[in-house]
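What follows is a set of notes on a single structure, which appears directly below.
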Amino acid sequence: MEFQITGQNIKITEALRQTVEEKCSKFEQYFDHINAIHVILKVQKFNQIAEATAKVNGAELHASAQEDDMYAAIDAMVEKMARQLTKYKEKLKQHESVLLNNKGTMTLNVDYRC
């Protein structure tokens, strides 16, 4: 899984980078096929905003959170992304089960005459 962390109006310190990578690395327990994660940390006036985009096989999932503290915004964003990943995984499982259940059975009526 590839991480990209970007800051807008904020300097990404080593502590912020380490926190984001540590929390986002837990996403793999929710869904195995994550190709890349792009996290954007923003400061707009008095708001601290954390946004994330996860590229998975077949989709892009987005989550964002806004808090007074950047670490709280990161925590809220991680919770939202974890929920989206579990929903996406369940959705894929439902589609697989529907495809497997819809396999038709074929009967042949063969008359054997010697």
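Of all residues in the stretch 1-57, those that are of a type in the set (S, T, Y), crowded, with 16+ Cβ neighbours inside 10 Å and not in a strand (DSSP E or B) total 2. For the stretch 25-74, what are the residues that are under 15 Å from N9 (Cα atoms) and aliphatic (A, V, I, L, M)? Selection gives V39, I40, L41, V43, I49, A50, M70.
Look at (1) within 30 Å of E14 (Cα to Cα); (2) modelled with pLDDT under 95 and you find that C114 fails only one, number (1). Tell me, please, whether a residue that is among the small types (G, A, S), in contact with a Lys or Arg (Cβ under 9 Å, 6 or more places away or on another chain) and farther than 23 Å from K93 by Cβ can be found in the stretch 59-67. Checked the stretch 59-67: at least one residue is among the small types (G, A, S), in contact with a Lys or Arg (Cβ under 9 Å, 6 or more places away or on another chain) and farther than 23 Å from K93 by Cβ.
What are the residues in the stretch 62-74 that are surrounded by 16 or more Cβ atoms within 10 Å (Cβ to Cβ) and either polar (S, T, N, Q) or closer than 12 Å to C24 by Cβ (or both), if any? Full working, then the answer.
Within the stretch 62-74, the subset surrounded by 16 or more Cβ atoms within 10 Å (Cβ to Cβ) is 63-65, 67, 70, 73-74.
Answer for the stretch 62-74, where residues must be surrounded by 16 or more Cβ atoms within 10 Å (Cβ to Cβ) and either polar (S, T, N, Q) or closer than 12 Å to C24 by Cβ (or both): A63, S64, I74.
Which condition does L99 not pass, out of (1) at pLDDT 90 or above; (2) in a helix (DSSP H, G or I), if it passes all the others? Failing condition for L99: (1). Pairs are defined by a Cβ separation below 8 Å, a sequence spacing of at least 6 or placement on different chains, a first member in the stretch 1-29 that is closer than 11 Å to A50 by Cβ and at pLDDT below 90, and a second member that is surrounded by 15 or more Cβ atoms within 10 Å (Cβ to Cβ) and of a type in the set (G, A, S); the pairs so defined are C24/A52.
The values are calculated or read from the model by the stated rules, or taken from the named source; none is laboratory data. Nothing here was measured: the structure is a model prediction, and the numbers come from that model. Quick reminder, even Gly has a Cβ in these numbers, built from the backbone with ideal geometry, and neighbours come from all protein chains shown.
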